[in-house]
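The structure appears below as structure tokens.
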Amino acid sequence: MKNFKIEIKVSPCKVNARSVADNLITALNKSNPAVPLMERTEKILPGICETVNEKTDPNEIYLIVEKMISDRLKKDETHISEKIKHFNALARNILSEAVEEITEIFSLKYKQPVEFRCFLGIYNPFPRSVLTKEYFLHYDISDEVFLRASLHEINHMIFFDKWKNMFGYETHKEPDFPDILWFLEELIIEPTLNDSRIQNIVPIKHNAYDSFKKISIDGIPLTSYVQNLYDCRENIEDFIDTAYCFIRENDLGGYF
């Protein structure tokens, strides 16, 4: 029996604006080169790259972004409401079955009911919080992107809960670049979500960041190395522990 719920809602404008503004500031500061934040933000807010630069005050960036997002959300309010209804139906009929299989892959049993919350707004990339089990998607995405992105983000959350069960987690801080745990979260996406147990339910392939694919360790592509660890695992706990040690020993943050 499923002991979780997936709920789709509209993203509050101020939350949406803060997330996008923070991504812009990160891009301008070049503090996370692993993800092409500026290019992705320009895609959802055309012209933003010509409006702000590294000299723009962060508070001004927020106000500019908030105005742009507020106008768009009001204009598309009816369309967003329709997408929320549609995606909630997809979550009930398809996504929840795959998420239940992810909990099996991670050998994780929730003792208390859990809710994964998806907020639709104007986002690219799609942020998440494994601490609160919330993730944020662009409202105007296809069904395929909704399913792929939802599985991607919820996979992070279930993995994080598994990690806490295995090792504990006392910092109350979202894993982020260049934390080892952030690299691990992102690198295990391919082997776990391309597992036949998930593909039999939602046959959509998943890929790690392109920046990861450019890295080789001892002549072996990084993503292939992690896939091999998954394929040779004794159990999921063995895979998580081995992959974490591999990332720590090879200092992946030094590649960026």
In what sequence, highest mean first, do 187-195, 97-105 appear when ranked by Cβ atoms within 10 angstrom?
187-195, 97-105
Taking the Cα centre as origin and putting +1 on Lys and Arg beta-carbons and -1 on Asp and Glu beta-carbons, what dipole magnitude results for region 168-255, to the nearest 20 debye?
380
Compactness check, region 132-184: C-alpha Rg relative to the 2.2 N^0.38 Å globular estimate gives 1.31
Where nothing but the Cβ of Lys and Arg (+1) and of Asp and Glu (-1) is charged, how large is the charge dipole of the chain around its Cα centre, in debye to the nearest 20?
740
Which lysines, if any, have their Cα less than 21 Å from the Cα of LYS111, not counting same-chain residues under 8 positions apart?
LYS2, LYS5, LYS133, LYS162, LYS164
Taking H as built 1.01 Å from N, whose amide H comes closer than 5 Å to the amide H of PHE4, not counting residues under 5 places away?
VAL114
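ASP176 to LYS85: FRET efficiency via 1/(1 + (r/R0)^6), r the Cβ-Cβ distance, R0 35 Å, to the nearest 0.05?
According to the calculation, E is roughly 0.60.
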Percent of alpha-carbon pairs separated by more than 20 Å within region 168-255
36
So what is the relative contact order of the chain, in percent, for Cα pairs below 8 Å that sit 6 or more residues apart?
21
Amide N of region 5-19 lying under 11 Å from the label point, which is placed 7 angstrom from the Cα of ARG92 along Cα→Cβ:
none
List every residue whose amide H lies under 5 Å from the amide H of TYR123, counting only residues 5 or more places away in sequence or on a different chain, with H placed 1.01 Å from N in the peptide plane.
HIS138, TYR139
Under 25 Å between alpha carbons, and skipping anything fewer than 8 positions from LYS74 in its own chain: which lysines qualify?
LYS9, LYS14, LYS43, LYS83, LYS85
Can you work out the FRET efficiency for the pair ASP238 and LEU131, with r the C-beta to C-beta distance and R0 = 30 Å, to the nearest 0.05?
0.70
Contour excess over end-to-end distance, with Cα ends at GLU77 and LYS213 and 0.36 nm allotted per residue:
45.1 nm
Can you grab the distance from the C-alpha centre of region 43-88 to the C-alpha centre of region 169-196, Å, no decimals?
28
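Using only the Cα atoms of region 90-184, build the gyration tensor, take square roots of its eigenvalues as a ≥ b ≥ c, and label the shape rounded, prolate or oblate: rounded if a/c is under 1.5, else prolate if a/b is larger than b/c, else oblate.
oblate
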For region 4-165, diffusion coefficient by Stokes-Einstein and Kirkwood Rh (Cα), 37 °C, 0.692 mPa s, µm²/s:
196
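Values in this text are rule-based calculations from the coordinates and carry no lab data. Bear in mind the structure is a predicted one, so any value in this text is a computation, not a measurement. Don't worry about glycine lacking a Cβ; one is built from the backbone with ideal geometry, like all the others, and counts go over all protein chains shown.
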